Amino acid sequence: MSSSPVATSKNPVLGYAALFIAIGLLPMLGVYPIFVMKVLCYALFACAFNLLIGFTGLLSFGHAAFLGTAAYAAGHAMKVWDMPAPVGLLLGTLAAAGVGLLFGLLAIKRTGIYFSMITLALSQMLYFFFLQAPFTGGEDGLQSVPRGSFFGLDLSSDITLFYVVLGIFVAGFWLIYRTVHSPFGQVLTSIRENEPRAISLGYDTDRFKLLAFVLSAGLAGLAGATKTLVLGFATLSDAVWTTSGLVILMTLVGGMGTLVGPMVGALVIISLENKIGDLGKGLADITGIDWFNGLGESVSLVTGLIFIVCVLAFRRGLVGEALALWDRFRIKKPS
């Protein structure tokens with residue numbers, strides 16, 4: 001897989017600030033807050049995964065394990081232990097980071113497909129543990145998780161919860177941004193580009209990769225814990241291997257190696273999952289073809305087709321191709 005270029009704007013922080021302000025205005029424009037919060041949770045999940053694959057060069061097939069671990073840990077803390085939302089989110093994030101440390105210690109010595117398959121195997125083992133563990137609710141999941149309060153803010157209001165979730169996402173995104181643009185991030189990039197050369201320069205690459213893996217797992221856990229807070233439940237679908245595939249799809253569709261790309265990919269995929277049924281009914285009404293009515297049950301087929309199109313026509317992802325096109329335009333534009 002080839003990595004996408006990183007945005008090279010002279011004032012990227014101002015651009016990101018404008019983007020987050022625009023997102024904050026969406027509820028005022030009539031956009032359903034729960035939908036936006038769900039997109040933000042998966043966007044943070046995809047950004048965390050992108051930190052690992054896009055900037056470190058490690059492809060994990062088991063990232064759903066961290067999303068599911070945090071979802072169950074946070075849900076259990078808030079429902080059974082009656083913990084406030086901040087404590088539940090923190091416990092979920094720490095639990096995911098702890099699992100990430102364990103996974104990393106077992107897998108980080110391997111490279112390529114061997115690393116990916118070890119993460120997949122460990123993730124599936126954790127999935128079957130969640131399936132049988134009494135505190136997860138098994139196939140029924142952990143239901144009716146209370147929202148509670150967040151430092152005095154009543155989260156029973158969707159609008160209040162929306163701005164809390166937006167703040168959590170901005171904090172997670174800022175941490176990723178600072179990591180990528182720090183000396184630590186530059187070492188990760190050098191490992192991705194040429195690990196033997198990084199070793200020859202004296203860097204302990206296994207230690208750096210382990211730190212990146214744990215950080216990615218913790219941020220993925222924060223996304224999972226926040227998702228439980230928003231939706232009020234945690235289920236096995238949070239930890240199943242198809243969720244790991246979903247986050248890979250989001251990252252590749254949006255643009256691997258770009259900071260905004262995973263956000264765009266999450267928006268595209270979650271929008272398809274929620275709106276594909278309505279789209280199919282509309283096409284059936286327009287064309288008179290009944291087959292379109294079944295699109296709502298064929299989300300995997302549609303997302304698979306989108307993935308194929310992106311791989312063939314948009315190798316850098318949507319944002320990556322847009323950035324490459326903009327760079328070519330700037331080069332050709334007369335000064």
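Laboratory data are not the source of any read-out in this text; all were calculated from the coordinates shown. Being a predicted model, the structure only gives us computed values, none of them experimental. All Cβ positions, even for glycine, are placed from backbone atoms using ideal geometry, and neighbour counts span all protein chains on display.
Some observations on this one:
- As a rough footprinting exposure proxy, the listed residues 302, 165 were ranked by other beta carbons within 10 Å of their own, and the order from fewest upward is 302, 165.
- Extension gain from residue 171 to residue 143, taking 0.36 nm per residue of separation minus the Cα-Cα distance: 7.3 nm
- Span from the the stretch 93-114 Cα centroid across to the the stretch 118-137 one, whole angstrom: 15
- Point-to-point label distance, residue 181-residue 274, nm (Cα→Cβ direction, 7 Å offset): 3.0
- Shape category assigned to the stretch 1-159 from the gyration tensor of Cα positions, a/c cut at 1.5: oblate
- Calculated [222 nm] ellipticity per residue, helices only, for the chain: -24000 deg cm²/dmol; basis is -39500 (n - 2.57) per DSSP H run with n ≥ 4, divided by all residues, nearest 500.
- GNM flexibility winner over the chain from 91, 131, 201 (Cα, springs under 10 Å): 201
- Of the chymotrypsin sites (Phe, Trp or Tyr not before Pro) in the stretch 141-185, those whose Cβ has at most 15 other Cβ within 10 Å and which sit in DSSP loop: 151
- Value of relative contact order over the chain, rounded to a whole percent, pairs C-alpha under 8 Å and six or more apart: 31
- Diffusion coefficient, µm² s⁻¹, Stokes-Einstein with Kirkwood Rh over alpha-carbon pairs of the stretch 121-273 at 25 °C and 0.890 mPa s: 137
- Choice from 306, 199, 108 showing the highest fluctuation, given a GNM over the chain with Cα pairs closer than 10 Å: 199
- Sites matching chymotrypsin sites (Phe, Trp or Tyr not before Pro) across the stretch 81-135 that sit in DSSP coil, with at most 12 neighbouring C-beta atoms within 10 Å: 81
- In order along the stretch 66-81, phi translates into HN-Hα couplings of 6, 4, x, 4, 5, 4, 5, 5, 5, x, 5, 5, 7, 8, 7, 8 Hz, rounded to whole numbers, per the Karplus curve 6.51 cos²θ - 1.76 cosθ + 1.60 with θ = phi - 60° and x for Gly and Pro.
- Most mobile listed residue (312, 122, 90) in the chain, GNM with C-alpha springs under 10 Å: 312
- The stretch 27-86: C-alpha gyration tensor shape, a/c 1.5 cut-off, then a/b vs b/c: oblate
- Cα pair distances exceeding 18 angstrom across the stretch 48-117, given as percent: 44
- The chain: radius of gyration and largest Cα-Cα distance (Dmax), Å: 20.1, 67
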